[in-house]
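Colleague: Just dropping this structure here.
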Amino acid sequence: MQSNVNMFQRFLFENLPIRGERVKLTSAWQEILKRREYPAIVQQYLGELVATTALLSATIKIEGRLTVQIEATGALQMLVVQITHDGGFRATATYRDDLPEHATFKELTEGGRVVITVENANSNNSYQGVIPLIDESIAAAIERYFETSEQLRTALFLRNTDNELGGLLLQRIPGEMEDEDAFNRICHLAGTVTAEELNELDTQTLLYRLYSEDDVRLFDAEPLHFYCQCSRERSESMLKQLSKDEVDEILAEDGHLSVTCEFCGKTYDFTADDMQAI
């Protein structure tokens with residue numbers, strides 16, 4: 001049984017143009033949950049997006065950051081997950097107070113869109129892909145994104161529980177394949193994976209159970225961890241955007257200014273003397 005494992009692992013079918021990735025998150029996901037309290041339905045979808053973003057982190061081939069964001073006019077207004085090239089990630093969600101408990105994902109994200117951004121830490125260059133959100137699930141949205149934007153058949157399987165996140169991603173990569181139904185077969189087998197198997201089995205055992213008749217090459221696992229990039233310096237930069245009148249009004253009312261990180265919940269306080277120095 002695997003406990004307290006936070007990792008991402010790639011694999012490749014040697015005789016088929018198909019690649020895959022597996023992700024498992026325990027304590028790193030729990031770190032997010034203990035910092036921000038979310039309704040159960042928000043926690044579910046935020047967890048799915050965290051697992052999805054970790055699976056997509058293979059797209060970070062530079063020193064930089066990947067952000068996957070869902071924006072909507074429905075009750076679930078925003079889900080944001082960011083992950084760096086070295087496996088540090090953070091996540092946050094915004095939702096209305098009248099969030100229904102039993103609504104579908106499509107109902108909650110009415111009028112929404114998916115925004116995927118890759119930023120280069122060493123330059124101003126970035127890539128951004130955007131698609132309208134018309135899907136019944138996060139997995140379906142990401143599959144459609146790759147199908148329409150990258151022309152790559154992709155299948156995503158998410159199996160999340162309250163305290164653990166797990167997922168598999170399969171992708172048909174360029175190359176000849178004698179049996180064009182092979183990708184469907186590989187995806188069908190992945191669809192049989194249970195949350196218990198993703199939570200308890202190491203990747204080698206999991207892949208052998210699914211694909212004992214295929215030659216699968218497994219790469220070394222890469223660690224993932226919770227990491228928030230907020231700081232007092234970043235908060236100061238935000239406060240510099242306020243006018244003097246705005247600062248004076250807040251100081252007169254509260255005696256100080258506070259900036260709370262929407263990702264980790266940490267609060268940075270600034271006194272009148274601090275603001276003069278800024």
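The values are calculated or read from the model by the stated rules, or taken from the named source; none is laboratory data. Quick caveat: nothing in here was measured; it's all calculated off a predicted structure. Note that each Cβ is placed from the backbone with ideal geometry, even for glycine, and that neighbours are counted across all protein chains shown. Heavy atoms of the whole protein, side chains included, go into the accessibility calculation; ligands, DNA and RNA do not. Shrake-Rupley method; radii C 1.70, N 1.55, O 1.52, S 1.80 Å.
Colleague: Mind checking which pairs have a first residue in region 104-115 that is more than 19 Å from Glu143 (Cβ to Cβ) and at pLDDT below 95 and a second that is of a type outside the set (Ser, Thr, Tyr) and open to solvent by 60 Å² or more (accessible area, probe 1.4 Å), Cβ under 8 Å, 6 or more apart or different chains?
Modeller: Listed by first residue and then by second, the contacts come to nothing, as the list is empty.
Colleague: If you don't mind, there's one more thing I want to ask. Just to be sure before I move on: is Val247 in contact with a helix residue (DSSP H, G or I) (Cβ under 8 Å, 6 or more places away or on another chain) and either assigned to a helix (DSSP H, G or I) or basic (Lys, Arg) (or both) in the structure I sent?
Modeller: yes
Colleague: Please go through region 156-178 and give me each residue that is under 17 Å from Phe13 (Cβ atoms) and open to solvent by 60 Å² or more (accessible area, probe 1.4 Å), ordered by number.
Modeller: Pro174, Glu176, Glu178
Colleague: Additional query: Right, Asn4: free of Cβ contacts under 8 Å to residues at least 24 places away in the same chain and either acidic (Asp, Glu) or surrounded by fewer than 23 Cβ atoms within 10 Å (Cβ to Cβ) (or both) or not?
Modeller: Considered against the rule, which asks whether it is free of Cβ contacts under 8 Å to residues at least 24 places away in the same chain and either acidic (Asp, Glu) or surrounded by fewer than 23 Cβ atoms within 10 Å (Cβ to Cβ) (or both), Asn4 comes out as yes.
Colleague: Also: Can you name the residue in region 190-218 that is hydrophobic (A, V, I, L, M, F, W, C), over 21 Å from the mean Cα position of the chain (by Cα) and open to solvent by less than 50 Å² (accessible area, probe 1.4 Å) and is also farthest from Glu48 (Cα to Cα) among such residues? Give the steps one after another, and end with the answer.
Modeller: Pass one, region 190-218, residues hydrophobic (A, V, I, L, M, F, W, C): 190, 193, 195, 198, 201, 206-207, 210, 216, 218.
Still in the running and over 21 Å from the mean Cα position of the chain (by Cα): 201, 206-207, 210, 216, 218.
Now drop any that are not open to solvent by less than 50 Å² (accessible area, probe 1.4 Å), which leaves 201, 206-207, 210, 216.
Details: Leu201: 19, Leu206: 20, Leu207: 21, Leu210: 22, Val216: 26 Å.
Across region 190-218, the extreme among qualifying residues is Val216.
Colleague: Turning to a different aspect of this structure: Would you say Glu147 is acidic (Asp, Glu), more than 30 Å from Glu37 (Cβ to Cβ) and part of a helix (DSSP H, G or I)?
Modeller: Yes, satisfied.
Colleague: If a residue must be open to solvent by less than 50 Å² (accessible area, probe 1.4 Å) and not charged (D, E, K, R), how many such residues does region 118-144 contain?
Modeller: The number of residues fulfilling the criteria is 12.
Colleague: Test each condition in (1) surrounded by fewer than 14 Cβ atoms within 10 Å (Cβ to Cβ); (2) farther than 30 Å from Glu71 by Cβ; (3) among the β-branched types (Val, Ile, Thr) for Thr148 and report the one that comes out false.
Modeller: All conditions pass for Thr148, except number (2).
Colleague: Name the single residue that is farthest from Glu262 (Cα to Cα) among those in region 219-242 being touching a residue at least 24 places away in the same chain (Cβ under 8 Å), of a type outside the set (Lys, Arg) and open to solvent by 60 Å² or more (accessible area, probe 1.4 Å).
Modeller: Looking at residues that are touching a residue at least 24 places away in the same chain (Cβ under 8 Å), of a type outside the set (Lys, Arg) and open to solvent by 60 Å² or more (accessible area, probe 1.4 Å), I get Phe219.
Colleague: Could I ask something else about it? Of all residues in region 81-91, count the ones that are open to solvent by 10 Å² or more (accessible area, probe 1.4 Å) and either within 8 Å of the chain's Cα centre (by Cα) or in contact (Cβ under 8 Å) with a residue 24 or more places away in the chain (or both). Let's see the steps before the verdict.
Modeller: Let us first name the residues in region 81-91 that are open to solvent by 10 Å² or more (accessible area, probe 1.4 Å), namely 82, 84-86, 90.
Keeping just the survivors that are either within 8 Å of the chain's Cα centre (by Cα) or in contact (Cβ under 8 Å) with a residue 24 or more places away in the chain (or both) gives 82, 84-85, 90.
Residues meeting the conditions: 4.
Colleague: Residues being over 25 Å from the mean Cα position of the chain (by Cα) and more than 19 Å from Gln151 (Cα to Cα): count how many of those fall in region 180-189.
Modeller: 1
Colleague: OK, next. Take the residues of region 259-278 that are touching a Ser or Thr at 6+ places or on another chain (Cβ under 6 Å) and open to solvent by less than 60 Å² (accessible area, probe 1.4 Å): which is nearest to Thr203 (Cα to Cα)?
Modeller: Phe263
Table: residues versus (1) part of a loop (DSSP other than H, G, I, E, B); (2) not β-branched (Val, Ile, Thr).
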residue: Leu169; (1), (2): no, yes
residue: Cys187; (1), (2): no, yes
residue: Glu196; (1), (2): no, yes
residue: Arg217; (1), (2): no, yes
residue: Cys228; (1), (2): yes, yes
residue: Leu251; (1), (2): no, yes
residue: Val259; (1), (2): no, no
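Colleague: Given the structure, is Glu48 touching a Gly at 6+ places or on another chain (Cβ under 9 Å), open to solvent by 10 Å² or more (accessible area, probe 1.4 Å) and not small (Gly, Ala, Ser)?
Modeller: Here the answer is yes, as Glu48 does meet what is asked.
Colleague: Further, regarding this structure: Search region 42-70 for residues that are farther than 21 Å from Asn122 by Cβ and pair each with any residue that is of a type in the set (Ser, Thr, Tyr) and open to solvent by 10 Å² or more (accessible area, probe 1.4 Å) when their beta-carbon atoms are under 7 Å apart and the residues are at least 6 apart or on different chains.
Modeller: Val42/Tyr95; Leu46/Tyr38
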